[in-house]
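Only one structure is covered here, and it is reproduced in the block below.
Every number in this text was worked out from the coordinates using simple rules, so none of it is lab data. Model, not experiment: these values are computed from the prediction. Glycine gets a Cβ as well: all are built from the backbone with ideal geometry, and neighbour counts include every protein chain shown.
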Amino acid sequence: MSSPESPAPAPPPPADDLGFQLPPPAAMTRTRGVALGVGVLLVLGAAFASSYLPRRSARAALEEGVRAGEGAAPRVTVIAPQPVSSDRALVLPGSVQPLEETVVYPRVSGYVRRWLVDIGDRVEEGQVLAEIDTPELDQELAQARAQLVQANAGLVQAKANRDLSASSVKRYEQLVPAGVAPAEELEQRQGQAHVAEASVTVAQAAIAAQQANIQRLLDLKRFAKIAAPFAGTVTSRTVERGALVTAGNATPLFKISATDPARVFVGVPQDVAPSVRVDAPAKVTVREFAGQPFEGKVARTAGALDAATRTMNTEVRVPNPDGKLLAGMYAEVALTLPTPHRVLEIPATALYNDAKGLRVAVVDAGNTIRFVPIVVARDTGATLHIATGLDGSERIVKLASAELSDGMAVEIIP
C-alpha cells in the first residue's frame with residue numbers, strides 16, 4: 001500500500017502583515033470635517049492672542065514712554081564735595097650723613113714721629129692724634145730769638161745816640177747866643193737829635209716785629225701735635241711713622257666724623273614743600289633695623305627747590321648715641337605734612353576727561369548743567385582729591401554722562 005501524501009508547507013506571511021485584520025476605515029463626514037477645522041482655527045487663534053498681543057502692548061507702551069521722555073529733562077544724582085584732612089603722610093628716601101666731618105691736614109712741615117689713634121677710635125675735642133718733628137721750624141725759631149737779641153741791642157744803641165744828641169743840642173743852645181758857635185751848627189745838632197729819636201722808634205718797632213715773628217713760630221710749633229677739632233670717630237688714617245708731611249692740604253692725615261646726632265637729608269616734593277616746618281616730627285627707618293624706627297625732627301630746610309628735581313632739600317636730625325646709624329646709609333623718612341591748600345573729595349565717576357581738560361558737571365540753582373574745570377591733587381582710585389576749582393558748596397553730578405551738555409536743564413533724583 002502506498003502511504004498518503006504529506007501536505008505542502010504554507011507560504012511565509014508578507015513583511016507588512018500585522019497578524020490581524022484592521023477594521024475598514026470610517027468614512028469622513030462633512031459635519032465632522034467642519035468641526036475639526038473649527039478646532040484647529042481656535043487653537044491657532046489662542047496661540048496668536050497669547051504671544052503677539054502682549055508684545056504689541058509692550059511696544060506701544062515703550063513708544064509712548066520714549067515720546068514722553070524726549071520732552072522731559074534728564075534725571076541725575078548729585079553729591080556735595082567733602083572736605084578731607086589736610087595732613088598728608090609721605091615716605092621719602094633719604095641719606096644718612098654725619099653732623100660734622102673733616103679731613104685733618106698738617107699745619108707744619110716735618111716728619112711724623114708717631115700716631116696715637118686709628119680707624120674706629122672715638123676721640124674727644126683737642127685730643128692729640130699724632131706728633132710731628134719739625135727741625136726746620138726749630139731752626140727758624142732759634143734764628144728769630146737771636147734776631148730779637150740783636151734788635152734789643154740796636155734799641156740800646158739808638159737810645160744812647162738819642163741821649164748824646166739831646167745833650168749836644170742843649171750845649172749848642174747855650175753857645176750860639178754867646179757867639180761862640182754859629183747858628184748853623186745848632187740847626188745841624190737839632191737835626192741829628194731828631195734822627196736819633198727816630199732811630200729809637202725804629203729799634204722799638206724791630207723788637208716788636210721780632211717778638212711777633214717768634215710768637216708766630218711758637219704758634220706753628222704747637223701744630224706739631226695734631227689735635228682733634230671736635231669729638232667724633234676716626235674713619236680714616238693715612239699717615240705712618242717717619243713719613244714726610246708738608247703744610248697744606250697735600251697730605252691728609254686723618255678723617256673724623258661726628259654722627260651723634262645724625263643728619264638725614266630728604267627731598268620734599270613741591271606740592272608740600274611750603275608746609276615743611278622746623279621741629280616737625282619725623283620717623284627714620286633703615287632696613288638693617290627693621291621694626292625699629294628712629295625718632296627725629298626737621299632741623300632746617302633749603303628754602304628753595306632744586307631746578308632739576310623740583311624738590312626741597314630738608315635736613316632731619318636723629319639722636320644716635322649708640323652709633324647705629326652709619327654715615328652713608330640709605331634710609332626712609334616718614335613725614336606728616338599739612339597740604340598748603342584746602343582739599344575736597346569727589347567720586348571718580350564724576351570726572352570728565354576730554355579735549356577740554358579735567359572737568360565736573362555742576363547743577364546750579366536753576367537745575368542747569370554747568371561744567372567747571374578742576375585740578376586734581378591726588379587720585380586714590382575710587383575718589384579724587386580736588387585742589388582748585390571747587391569751594392565745597394556745589395552740587396556735582398555723581399555719574400558723568402556724555403548726554404549732558406553745558407546749559408542743559410536736568411531733574412535731580414531725590
In what order do H385, H194 fall by count of nearby beta-carbon atoms within 10 Å, going from fewest to most? H194, H385
Helix 30-70 vs. the chain, principal-axis angle (Cα, 0 to 90°, nearest 10): 20
Roughly speaking, what is the stretch gain from D133 to E197, that is 0.36 nm per residue apart minus the C-alpha to C-alpha distance, in nm to one decimal? 18.6 nm
Pull out the extension gain between A212 and A227, defined as 0.36 nm times the separation in residues minus the alpha carbon to alpha carbon distance; nm, one decimal. 3.0 nm
Let a ≥ b ≥ c be the square roots of the eigenvalues of the Cα gyration tensor of region 198-274; is it rounded (a/c under 1.5), or, if not, prolate (a/b larger than b/c) or oblate? oblate
For P373, what is the net charge nearby, where nearby means another residue's Cβ is under 10 Å from its Cβ and Lys, Arg count +1, Asp, Glu -1? +2
Unit charges at the beta carbon, dipole of the chain: most positive-side option, I79, L326, Q147: I79
Lysine pair number, Cα distance threshold 29 Å (strictly under), the chain, separation 8 or more or different chains: 9
Mind putting a number on the dipole of the chain about its Cα centre? Charges go on the C-beta only, +1 for Lys and Arg and -1 for Asp and Glu, and I need it in Debye to the nearest 20. 420
Quick one: Debye curve from the alpha-carbon atoms of the chain only, equal weights, vacuum; give me log10 I(q)/I(0) at q = 0.07, 0.10, 0.13, 0.15 Å⁻¹ to two decimals. -0.77, -0.98, -1.18, -1.30
What is the set of long-range amide H partners of D260 at a cut-off below 5 Å, with H atoms built 1.01 Å from backbone N? L99
Order by neighbour count: D260, D364, fewest other Cβ atoms within 10 Å first, most last. D364, D260
Could you size up the charge dipole of region 260-338 around its Cα centre, putting +1 on the beta carbon of Lys and Arg and -1 on that of Asp and Glu, and report it in debye to the nearest 20? 80
For the chain, with a Gaussian network of springs between Cα atoms less than 10 Å apart, report the residue from L390, L253, L186 with the top mean-square fluctuation. L186
For R378, residues with placed amide H under 5 Å, excluding near neighbours: H385
I need the phi-derived Karplus couplings for region 154-161: 6.51 cos²θ - 1.76 cosθ + 1.60, θ = phi - 60°, integer Hz, Gly and Pro marked x. x, 5, 4, 5, 5, 5, 5, 5
Give me T311, T246 ranked fewest to most by other Cβ atoms within 10 Å of their Cβ, as a rough exposure proxy. T246, T311
Under 11 Å, Cβ to Cβ, from P293 - net charge with Lys/Arg +1 and Asp/Glu -1: -1
The chain: calculated mean residue ellipticity at 222 nm from DSSP helix runs of at least 4, using -39500 (n - 2.57): -11000 deg cm²/dmol
